[in-house]
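Structure first, then comments.
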Amino acid sequence: MVSRPHGFLERCRRRYGDAFTVNVAPYGRMVFLADPALIRQVFTGDTRLFHVGGVRGRVLSPMLGRHSLLLLDEDEHMRERKLMLPAFHGDALRRYPDLIREIAEAEVSGWPTGEPVALRPRMQAITLEVILRLVIGVRDPEALGRLRDLLARLVDQSTMVLFLVTALDRDLSWFPPWRRFLEIRAQADELIYREIARRRADPSGDDILSMLVQSSAEGGDALTDEELRDELVTLLLAGHETTATALAWAFERLARHPDVMARLRKSLDDGESDYLDAVIKETLRVRPVVMEVGRDITEPVQIGRWHLPAGTRVMSSIGLVQRAEDRWGDDAKAFRPERLIDAQPEPYTWIPFGGGPRRCIGASFATTEMAAIIPVVLREFELAPDRPEPERSETRNVTQIPARGARVVLSRSSRPSLAESDGSAQRRTPSAAPS
Ligand code: HEM
């Protein structure tokens, strides 16, 4: 369970069925669910019965604060979620792909070719920039540079340190890693509060912070500065590594499936997006970034034919349900995007973003971002795996990352490069224009 959780959980499912209990020392007793109907019951059940749980709060609240959407329960959660939803609506997101492409193009232009390169850190650089500019809306280059540095350091802080400190519940201000964490957090907060003050003075921007300031003020129930700070750090933490990891897995899978890559390139050349959508969905199915989400049961509850006492921790297993052969066929583990074209998976069998009132608020943001970035990389480079065997999955915090960082060898694509095919670039370099 500790070193190879997925193999272990799959064996448990084969042996015990779609609901089973695991009791392992560092985690305690947990009930795993791999049946779509049972998972649906937990995701959509009464929010007073299913709390996100003390462990999540203990580990993450020093970073995210008391008002984070990820940590709130019941009415407080519903209130903040309602205030935040309009900023993540499909219509609000439509203006973002151009800016995301621009950020990605600037980043890929410096990538090395002809040698193994890990794409995950490079994807993190892009997704961090996307959050800073589209979510927080930082424009001033100096503030952007400082925040980039501070937030990257904050995210890099080991959750083990946070866990230790909160679990011990003592004054650990003498403990150097904790002191370092508090210093970085204070510096980042100062910059974030400055951005909040700017947006309150002029909320006309189209970044998500401006929209949060506008929409909460319009409803007469404004988010306070402290709430806005906590939500911004939450969006950064929940939205940056997850999307970077999903993109890394997409390239890890594509590099090992040249037939899929060829079909994807052709469909993009033809100006179609259906196959790209299917590639994104299939990546999130076979390589879910978040393998399971937990809830703590607050009162005795009946789930399926099981009676669970208060205090039980229930884990809805995204990983098991999305790769189950009885739901997805004998080739359930194969990367085959075709299966998701024009197909509607059975309810609660495709749940990379969870479900119900806590479904990922950034799901459309993440898929919009992936759909903007993948074509930029494919237009500029050919990708080959550095080794033929698939990368193993490794646990990092609550996410599953490719163990070697999605390592590929890039070569320049024979198709027109971004600079050549971009009309504005041609205007800048008239000598390159066809006579
Ligand atoms: C591929 C990328 C992503 C994956 C796989 C992912 C996955 C998830 C999952 C499984 C949950 C549900 C947790 C639960 O049920 O307790 C969740 C919640 C959340 N996600 Fe994402 N996420 C992604 C990207 C993003 C992005 C881009 C943002 C914001 C910009 C974001 C913000 C959030 C927030 C705020 C929540 C809490 C929602 C609530 O409790 O109401 N996520 N995410």
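The values are calculated or read from the model by the stated rules, or taken from the named source; none is laboratory data. Computed from a predicted model, the values in this text were never measured in an experiment. Glycine gets a Cβ as well: all are built from the backbone with ideal geometry, and neighbour counts include every protein chain shown.
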**OP:** Could you run through the stretch 138-192 and say how many residues are modelled with pLDDT of 70 or more, aliphatic (A, V, I, L, M) and farther than 20 Å from LEU236 by Cβ?
**Re:** 1
**OP:** State which residue pairs qualify: first residue within 20 Å of GLY304 (Cβ to Cβ) and inside the stretch 15-29, second residue β-branched (Val, Ile, Thr) in any location, beta carbons under 7 Å apart, and separation of 6 or more residues or different chains.
**Re:** ALA19/VAL31; THR21/VAL31; ARG29/THR21
**OP:** Could you grab me the full set of residues in the stretch 208-255 that are of a type in the set (Ser, Thr, Tyr), in contact with a Lys or Arg (Cβ under 9 Å, 6 or more places away or on another chain) and at pLDDT below 95?
**Re:** SER210
Subject >> Members of the stretch 193-203 that are surrounded by 17 or more Cβ atoms within 10 Å (Cβ to Cβ) and farther than 23 Å from ILE361 by Cα >> reply: ARG198
Subject >> Residue satisfying condition, being among the acidic types (Asp, Glu), exposed (fewer than 15 other Cβ atoms within 10 Å of the Cβ) and within 16 Å of the ligand (Cβ to nearest atom), within set ASP206, ASP230, ASP225, ASP221 >> reply: ASP206
Original post:
Where residues in the stretch 342-354 are modelled with pLDDT of 95 or more and at positive phi, which of them is nearest to the ligand (Cβ to nearest atom)?
Top reply: GLY354
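Go through VAL260, VAL213 for me and flag whichever is crowded, with 19+ Cβ neighbours inside 10 Å, away from the ligand (no atom under 15 Å from the Cβ) and within 30 Å of ARG139 (Cα to Cα).
None of the other options fit; the residue is VAL213.
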Original post:
Wholly within the stretch 1-81, which helices (runs of 4 or more DSSP H) include no fewer than the required count, namely at least 1 residues that are polar (S, T, N, Q), closer than 22 Å to LEU237 by Cα and within 23 Å of the chain's Cα centre (by Cα)?
Top reply: 54-64
Subject >> Condition check for ALA363: within 27 Å of VAL130 (Cα to Cα) and in contact with a Phe, Trp or Tyr (Cβ under 7 Å, 6 or more places away or on another chain) >> reply: yes
Original post:
All but one of (1) closer than 19 Å to ILE351 by Cβ; (2) away from the ligand (no atom under 15 Å from the Cβ) hold for TYR27; which doesn't?
Top reply: (1)
Subject >> Residue ID - farthest from the ligand (Cβ to nearest atom), chosen from residues in the stretch 234-253 that are surrounded by 24 or more Cβ atoms within 10 Å (Cβ to Cβ) and under 14 Å from ALA334 (Cα atoms) >> reply: GLU252
Subject >> Subset of the stretch 121-158 [within 16 Å of the ligand (Cβ to nearest atom), of a type outside the set (A, V, I, L, M) and surrounded by fewer than 22 Cβ atoms within 10 Å (Cβ to Cβ)] >> reply: GLN124, GLU129, ARG133, GLY137
Subject >> Answer from ALA343, ALA372 - the residue that is crowded, with 20+ Cβ neighbours inside 10 Å and within 17 Å of LEU276 (Cα to Cα) >> reply: ALA372
Original post:
If you take just the strands (runs of 3 or more DSSP E) that sit entirely in the stretch 233-315, which of them hold at least 1 residues that are within 17 Å of THR395 (Cα to Cα) and in contact (Cβ under 8 Å) with a residue 60 or more places away in the chain?
Top reply: 292-297
